[in-house]
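First up is the structure itself, then whatever we jot down about it.
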Amino acid sequence: MRVLGIETSCDETGVALYDSEQGLLGHELYSQVALHAQYGGVVPELASRDHVRKIIPLLTTLLAKTATRPQQIAGVAYTAGPGLIGALLVGASVGRSIAWTWGVPAIGVHHLEGHLLAPLLETPAPTFPFLALLVSGGHTQLVAVRGMGEYQLLGESVDDAAGEAFDKTAKLLGLGYPGGAALAHLAEQGHPNVFHFSRPMTNRPGLAFSFSGLKTHVLTAWKSQENPSEQTRADIARAFEDAVVDTLVIKCRRALKETRLQRLVVAGGVGANKQLRHQLQVLGQELNVKVFYPRIEFCTDNGAMIALAGCLRLQAGQQSPLNFNAHPRWLM
Ligand code: KG4
Ligand code: ZN
């Protein structure tokens, strides 16, 4: 079964073709980062308009590069939420129109399910069940994934998501938007233990996270410097990254021990963080747990994860009615 996937929930337009026999056949991605950078954040109206501009050319390129004819496509998956409503509607409308025109089923996919299943695009792919650490710009969650559609939320952030904390802290340190990757890059130049920030919510039981206080600690440390050098900025970035990574690792250790799951899957944009990947690898060795990551380009938003999740759901006999719309807030 060959499925077309469409992702337009935020500021990335992604399209992909996934084949249940051959795996991922191809994917195309356009990032609007440069468009929104000048405003210091995603401007929803501009995002929707840019998706409209880019989606058809991307689809044309995808079909040409993979030498795919419409008749070969058995279904269309689109991100139905959560996300920006105008942006979601672009992918949902295009996806449902294509499905209707080609006479194939359409399926609305939950964006976070896409992230959770993205590691299945890799070889070797994790088998169910596994623990997933989902760390994106909008979410920080620990989820026990027992099978397709069987997701148990074990804990999540009560305020800022990890990626949001990276982005806000990067802005404070003058690194622009979205600054998560830039902050991580700067932290590589920083010395450890020059500054120290607490590991929020780790001294009490449970698997919840809270990252909003960290940026205040960073702001206080940064403002207290009279003439901060570039090295000081890097040292603060390092201390921030260490605090976030340590916190995530502590909670993963706890969740693995509690659930006794043998596999850990890391998904979402912050999963691109080198320090996090390294520390979770160390944890995996210590606990004899195998750790899986999607490749870096599939950590952040993309069409491939939506095509894959849609293919699995269509194969299970599910589909969405063509009047099924977009859901800006959608619990998984
Ligand atoms: O999953 P994603 O593309 O978007 C959402 O669905 O939210 O994740 C984007 C987030 C942003 O907050 C970005 O700053 C963060 O992932 N990010 C990183 C790194 N690369 C991207 N955070 C830390 N270190 C990185 N290397
Ligand atoms: Zn995402």
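The values are calculated or read from the model by the stated rules, or taken from the named source; none is laboratory data. Nothing here was measured: the structure is a model prediction, and the numbers come from that model. Reconstructed Cβ throughout: ideal geometry from the backbone, glycine too, with neighbour counts over all protein chains shown. Surface areas here come from the heavy atoms of the whole protein model, side chains and all, with no ligands, DNA or RNA. Shrake-Rupley method; radii C 1.70, N 1.55, O 1.52, S 1.80 Å.
A few points about this structure:
- By the rule of a C-alpha distance below 22 Å, with chain neighbours fewer than 8 residues away ignored, the lysines paired with LYS257 are LYS290.
- About the Cα centre, charge dipole magnitude for the chain (Lys/Arg +1, Asp/Glu -1 at Cβ), debye: 480 debye
- Surface composition of the stretch 289-332: carbon and sulfur make up 53 percent of the accessible area, probe 1.4 Å.
- Projected-area average for the stretch 173-303 over all orientations - Cα convex hull basis, square nanometres: 9.0 nm²
- Crossing angle, helix 85-102 versus the chain [Cα axis fit, 0-90 degrees, rounded to tens]: 30 degrees
- Kirkwood estimate for the stretch 248-297, i.e. one over the average of 1/r between Cα atoms, Å: 11.0 Å
- FRET efficiency for THR123 and PHE324, using Cβ-Cβ distance with R0 set to 30 Å, rounded to 0.05: 0.40
- Cross-link partners of LYS54 among lysines (Cα-Cα below 24 Å; sequence separation of 8 or more within a chain): LYS65
- Within the chain, antiparallel bridges make up roughly 60 percent of the DSSP beta bridges whose residues both belong there.
- Farthest positive-ward along the stretch 107-236 dipole, Cα basis, beta-carbon charges - from PRO126, GLY108, LEU153: LEU153
- Per residue value of the accessible surface for the stretch 185-332 (all protein chains in place, 1.4 Å probe), Å²: 50 Å²
- Charge dipole of the stretch 178-286 about the Cα centre (unit charges at C-beta), most positive-ward option of VAL266, PRO178, ALA243: VAL266
- C-alpha center-to-center spacing [the stretch 146-210, the stretch 220-295] in angstrom: 8 Å
- Computed about its Cα centre, the charge dipole of the stretch 117-248 is approximately 220 debye, with only Lys, Arg, Asp and Glu carrying charge at their Cβ.
- Taken about its Cα centre, the stretch 211-332 carries a charge dipole of roughly 480 debye when the Cβ of each Lys and Arg holds +1 and the Cβ of each Asp and Glu holds -1.
- Ordering of 166-174, 43-51, 148-156 by packing [mean C-beta count within 10 Å, highest first]: 166-174, 43-51, 148-156
- Using alpha-carbon coordinates, inclination of helix 230-259 to the longest axis of the chain, degrees: 60 degrees
- Across the options PRO200, ILE98, VAL291, the greatest Cα extent toward the positive end of the charge dipole of the chain (unit charges at beta carbon of Lys, Arg, Asp, Glu) belongs to VAL291.
- ³J(HN,Hα), Karplus 6.51/-1.76/1.60, whole Hz, each residue of the stretch 199-206, x for Gly, Pro: 9, x, 6, 8, 8, 9, x, x
- As an equivalent ellipsoid, the chain spans semi-axes of 35, 23, 16 angstrom, where each value is the square root of five times an eigenvalue of the C-alpha gyration tensor, largest first.
- Over the stretch 1-139, the hull volume per residue, using the convex hull of the C-alpha atoms, is 116 Å³.
- Whole-Å distance, taken between Cα centres, linking the stretch 87-129 and the stretch 1-42: 10 Å
- J(HN,Hα) series, the stretch 153-158, from Karplus relation 6.51 cos²θ - 1.76 cosθ + 1.60, nearest Hz, glycine and proline x: 6, 9, x, 8, 6, 7
- Among 179-192, 56-69, the order from most to least packed when residues are scored by Cβ within 10 Å on average: 179-192, 56-69
- Only protein atoms count toward the accessible area here, which uses a 1.4 Å probe; on the stretch 225-287, the carbon and sulfur part of that area reaches 41 percent.
- Considering all C-alpha pairs of the stretch 112-223, those separated by over 16 Å amount to 66%.
- Per-residue SASA entry for ARG53, accessible area with 1.4 Å probe, Å² rounded to 10: 140 Å²
- Amide H contacts of VAL265 (H built 1.01 Å from N, in plane; Pro and chain starts excluded): LEU131, ALA132, LEU133, PHE292 sit under 5 Å, all sequence-distant by 5 or more or on other chains.
- Most mobile listed residue (GLN279, GLN318, GLN38) in the chain, GNM with C-alpha springs under 10 Å: GLN38
- Taken per residue, the accessible surface of the stretch 65-116 reaches 34 Å², heavy atoms only and a 1.4 Å probe.
- Qualifying trypsin sites (Lys or Arg not before Pro) in the stretch 205-275, DSSP loop, other Cβ atoms within 10 Å at most 16: ARG260
- Whole-percent carbon and sulfur share, accessible surface of the stretch 22-93, 1.4 Å: 61 percent
- Spatially proximal lysines relative to LYS215 (Cα-Cα < 21 Å; intrachain offsets below 8 disregarded): LYS168, LYS171, LYS223, LYS251, LYS274
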